[in-house]
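These notes concern the structure reproduced below.
The values are calculated or read from the model by the stated rules, or taken from the named source; none is laboratory data. All of these numbers come straight from a predicted model, not from anything done at the bench. Cβ coordinates were reconstructed from backbone atoms using ideal geometry, including for glycine residues, and neighbour counts include every protein chain displayed.
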């Protein structure tokens, strides 16, 4: 297999893996909490990017982190829905 084919296979595999990770969302007993993320500290993709750690600003209502269920709405600015 040549280098070009290897790179294509690696790229496709990465995209598939990213899609599966995003579809899975937070683990059992966890929830997505939007609006409380510090820049560069988000979990998974939002706002046109697909990776964790790419939030550009603090408190973005579309970025999220996984927290134990029931704790998000107890945090000032925390929301279970994006943009909320």
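The table below gives the values:
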item	result
When residues of segment 43-52 are limited to those that are within 8 Å of the chain's Cα centre (by Cα), more than 15 Å from residue 67 (Cβ to Cβ) and outside any strand (DSSP E or B), the one modelled with the highest pLDDT	51
Selection from segment 10-37 of residues that are in contact with a strand residue (DSSP E or B) (Cβ under 9 Å, 6 or more places away or on another chain), at pLDDT below 90 and surrounded by 14 or more Cβ atoms within 10 Å (Cβ to Cβ)	26
Selected residue (only one of 40, 84, 77 is modelled with pLDDT of 90 or more and either part of a loop (DSSP other than H, G, I, E, B) or at positive phi (or both))	77
